[in-house]
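Every number here is computed from the coordinates shown, using simple stated rules; none is lab data. On a predicted model such as this, the values are computed, not experimentally measured, just so you know. Using ideal geometry, Cβ is built from the backbone for each residue, glycine included, and neighbour counts are taken over all protein chains shown.
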Ligand SMILES: Nc1ncnc2c1ncn2[C@@H]1O[C@H](COP(=O)(O)OP(=O)(O)OP(=O)(O)O)[C@@H](O)[C@H]1O
Ligand SMILES: [Mg+2]
């Protein structure tokens with residue numbers, strides 16, 4: 001899988017721009033503020049329908065404009081897919097796959113997968129439990145439409161039970177209103193938990209492979225997973241019933257996969273609590289390589305690897321190592337302010353297809 005071309009109209013600082021990519025290594029270089037991350041962001045948007053920098057769609061509109069467009073051409077098994085995204089400032093957005101409008105994100109998630117290694121992603125090791133839950137949910141949704149569907153169902157029913165809890169607390173509804181949602185909630189929770197368990201096992205194997213391929217012979221990276229899963233559907237139902245009174249007080253459901261906790265453990269130590277800056281960076285690189293292997297294994301084709309700000313993440317030796325591993329595995333798009341340093345890192349890599357694209361910052365006069 002690869003992206004061949006992207007066109008940006010009134011997106012961030014790009015007024016009207018087109019970039020073409022090769023199947024190998026692509027280096028986007030230019031000074032700070034020239035729009036490198038914006039290109040990575042646009043590719044990510046076409047892949048999963050979301051930005052990794054903002055939840056406010058309006059932020060993406062070029063200042064003073066009332067709409068933006070992104071068109072991307074992807075190559076999947078020698079077949080070309082054109083994904084278009086049109087957004088107008090009042091929030092309405094339209095996406096098309098080969099000119100057919102899509103109904104929901106589930107129609108695009110996982111079709112043109114990307115793996116993003118960027119400074120923003122460091123929250124995976126540094127952030128709270130919610131950041132890691134989101135990370136795993138996103139990755140699992142990319143490799144399994146069934147997981148995405150189950151997760152969406154679970155989240156919808158959870159919202160409904162929580163709303164009923166709130167109504168009950170305010171004496172605007174009876175307990176039966178809460179009860180209505182418990183059976184469907186228990187069923188949805190059980191299926192999310194079941195899928196998570198096997199997917200975490202698959203991802204953990206890929207972590208081992210990443211550590212091995214990266215040559216970190218003394219490193220040992222594991223995924224920690226804590227879950228208060230009561231077990232069978234009947235047991236989940238019991239737990240929901242038993243805690244109902246407490247849940248009403250909090251207007252929140254205590255039991256469910258939304259309370260699972262993931263952690264990353266490097267050499268026996270929880271990274272979030274104990275790792276040094278360098279270890280955080282190393283762990284993120286290993287996690288992202290593992291994600292690449294995992295998505296590739298599940299999808300049968302390698303995702304596009306987006307590496308934003310190479311120098312911020314990797315010292316010289318590690319940069320070289322990562323680029324050489326990626327060259328063997330996936331189409332890679334790297335951004336940097338320093339082309340010389342990246343070319344040096346490419347140094348002894350084989351002369352497979354590569355290209356460099358220079359971005360110039362428009363001067364305001
Ligand atoms: N909605 C917007 N409209 C116009 N310009 C914007 C918008 N959002 C951000 N910008 C500007 O676009 C420019 C490019 O931002 P971007 O983050 O892509 O730069 P970059 O090349 O990645 O820089 P760096 O090397 O510092 O990471 C910045 O000057 C930023 O202020
Ligand atoms: Mg940037």
Check: When the Cα centres of region 292-353 and region 128-203 are compared, how far apart do they sit, in Å?
Finding: 36 Å
Check: Arranged from highest to lowest average of other beta-carbon atoms within 10 Å per residue, in what order do the peptides 215-223, 32-40 appear?
Finding: 32-40, 215-223
Margin query: Modelling each spin label as a point 7 Å along the Cα-to-Cβ direction, I'd like the residue 254/residue 355 distance in nm, to one decimal.
Written below: 5.8 nm
Notebook entry, point to check: Which angle from 0 to 90°, rounded to the nearest 10, does the C-alpha axis of helix 145-169 make with the longest principal axis of the chain?
Noted result: 50 degrees
Notebook entry, point to check: Tell me, what is the percent relative contact order of region 126-300, built from C-alpha pairs under 8 Å that lie six or more residues apart?
Noted result: 30 percent
Margin query: I need two numbers for the chain: Rg to one decimal and Dmax as a whole number, Cα atoms only, in Å.
Written below: 22.3, 71
Checklist line | Gain upon complete extension [residue 130, residue 149; 0.36 nm per residue less C-alpha separation] | finding: 4.9 nm
Note to self: Taking the 0 to 90 degree range and rounding to the nearest ten, how far is the long axis of helix 277-299 tilted relative to the main principal axis of the chain, both from C-alpha atoms?
What the structure shows: 80 degrees
Check: Ordered by packing density, taken as the mean number of other Cβ atoms within 10 Å over each peptide's residues, highest first, how do 225-234, 19-28 rank?
Finding: 19-28, 225-234
